[in-house]
1. Within segment 381-400, count every residue that is farther than 11 Å from residue 226 by Cβ, more than 10 Å from the ligand (Cβ to nearest atom) and either in contact (Cβ under 8 Å) with a residue 40 or more places away in the chain or crowded, with 17+ Cβ neighbours inside 10 Å (or both).
2. Can you tell me which residue among 143, 169 is over 16 Å from residue 109 (Cβ atoms) and in the same structural domain as residue 78 (by TED's automatic domain parsing)?
3. Looking at segment 104-121 only, could you name the residues that are closer than 15 Å to residue 154 by Cα and not aliphatic (A, V, I, L, M)?
4. So the check is Cβ under 9 Å with 6+ separation or different chains; which pairs have a first residue in segment 188-211 that's free of Cβ contacts under 8 Å to residues at least 60 places away in the same chain and closer than 15 Å to residue 50 by Cβ and a second one that's among the small types (Gly, Ala, Ser) and not in a helix (DSSP H, G or I)?
5. Only one of 463, 506 is within 27 Å of residue 441 (Cβ to Cβ), within 14 Å of the ligand (Cβ to nearest atom), at pLDDT below 95 and surrounded by 14 or more Cβ atoms within 10 Å (Cβ to Cβ); which?
6. Within segment 423-438, does at least one residue satisfy the condition of being free of Cβ contacts under 8 Å to residues at least 12 places away in the same chain and either within 16 Å of the ligand (Cβ to nearest atom) or surrounded by fewer than 18 Cβ atoms within 10 Å (Cβ to Cβ) (or both)?
7. May I ask you to list the residues in segment 243-275 that are within 22 Å of residue 211 (Cβ to Cβ) and part of a helix (DSSP H, G or I)?
8. On the given criteria, is residue 17 of a type outside the set (A, V, I, L, M), closer than 17 Å to residue 168 by Cβ and in contact (Cβ under 8 Å) with a residue 24 or more places away in the chain?
Amino acid sequence: MSIAEKLIIIDFGGQYTQLIARRVREAQVYCEILPYNTPFEEVVAAGPSALIFSGGAASVYASGSPQCDPRLYNLNIPLLGICYGMQLMAKDMGGEVVESSHQEYGRTWLNLTEKTKLLEGVDDNFIAWMSHGDQVKKAPPGFKVLVRSNNTSIAALENDTRNIYGLQFHPEVAHTPHGRMILDNFLFKICHFAGNWTIENFIETTAKEIQAEVGIQGRAVCGLSGGIDSSVAAALVQKAMGSRLTCIFVDHGLLRKGEREQVISAYRALDLDIITVDAVEEFLELLQGVTDPEEKRKIIGNHFIRVFEREALKLKGIEFLVQGTLYPDVIESGTATAEVIKSHHNVGGLPEDMQLSLIEPLKYLFKDEVRRVAAEMELPEEIVWRHPFPGPGLAVRILGEITPAKLAILREADAIIVEEIKRAGLYREIWQVFAVLPNILSVGVKGDRRTYAHTIVLRAITSQDGMTADWYPLPYDVLRTISNRLVNEISEVNRFVYDLTSKPPSTIEWE
Ligand code: XMP
């Protein structure tokens, strides 16, 4: 993506790297995250106007700890190192980093010793969030110490001639009250960003980039799911390519009750060229006997692409495949610094010999940003506010083998739950609410008769971007209604339980 003003965050594996990105974008400055071992030439090719080095869990002197290409210090653009990022920069520039005798975690009082542009407006004594074991003991030559704490002699430093800055504390977390101000000082007073990266100009820039990528003849197909991500991706590509885009809606047999009809009807409002493919039997056949979650995901992801390729071949002259991949999908499918949690079907599940080139216009956006793009492009409310639904569909909500009978139970249960949540006026407040079939049979009694039937789990969570989530405290009366309806209306169900775990340690989906 070629954006005139761009900040690159070099990720050393810090737990707050995503948060730094969010804070930068909230200031309307476009940024991307690159892993620390990205080749120097690639970082330069990305065209940064400033760099931030993230935190990280390692110790800078430890063998195998993430290091960076020293040429990054000579790019002549502002650089801000945060926590590990500051320690690494201090070590590389001739300072000294040692293990702290007092490790600092949590809220810490700090004292300002020098007022400079970076800390303009900050009180002489202020609270900041610390989370570190090591500390910079000696500043590198040419660096001034700006902030000290009782335990960490150096909590902020700078060399304003070289435009290099370091913060031992975390300005990106909400627990650092002056954090927003310090980041803004860096972005606007030091980097002189205009801060004009808006959703509107994201739409314009992205449409132009797609045009440049596909040329005037290129044709594309887009897999539409009915969810906001693929819908926004399709709308953006349609803006760039017009009728050279054909959308394909695949019914893989893992959809919710009435979903196929609802999706088709919602898309009538958009002027998209859509083909519906009924691939129910082939998907279910491929999934027969498969119980491993990763295997299910890979089978579905692979077959999706095969179906697209087949349809694309029928359409003739298709070279591109549009996908609504988001940033969290990219990150969770594993990067140099982040571990594979699960293979999101639109990232990790792609076959290696895929014939089509990918267009992923949303791959650097978070969900809330996609919702803003959708609203700006005037997509129907029904699509904008629809809860996220995973590409592998109900397959990752049925533990163990997928069968038509289990799918039918889960569909009914899910429809009841969503209906009751909507009736209670809670649908928009909740990020995702759905039923899971854990494939557990238990003993019950219905009308004096013993039953040995399925359990339904309810998962309701709040989240900002799907990366972290908390369980939603549903009112008891709503739970009671759902419970009654599930066991009365679905003969194969005799038990209902509520999942009260956050992410982490769980994930949102059960598989
Ligand atoms: P997890 O379960 O990883 O989910 O905590 C995070 C968010 O991503 C959705 N999800 C997926 N979306 N393809 C998708 O398009 C997938 O394979 C996939 N797996 C999970 C999930 O519903 C939640 O919103």
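1. Summing the residues that are farther than 11 Å from residue 226 by Cβ, more than 10 Å from the ligand (Cβ to nearest atom) and either in contact (Cβ under 8 Å) with a residue 40 or more places away in the chain or crowded, with 17+ Cβ neighbours inside 10 Å (or both) in segment 381-400 gives 6.
2. From the options 143, 169, the qualifying one is 143.
3. Within segment 104-121, 104, 108, 109, 111, 113, 114, 115 qualify.
4. So the pair list comes out as 192/49.
5. Going through 463, 506 in turn, the sole match is 506.
6. yes
7. The answer is 243, 244.
8. yes
The values are calculated or read from the model by the stated rules, or taken from the named source; none is laboratory data. Source: prediction; values computed, not measured. Don't worry about glycine lacking a Cβ; one is built from the backbone with ideal geometry, like all the others, and counts go over all protein chains shown.
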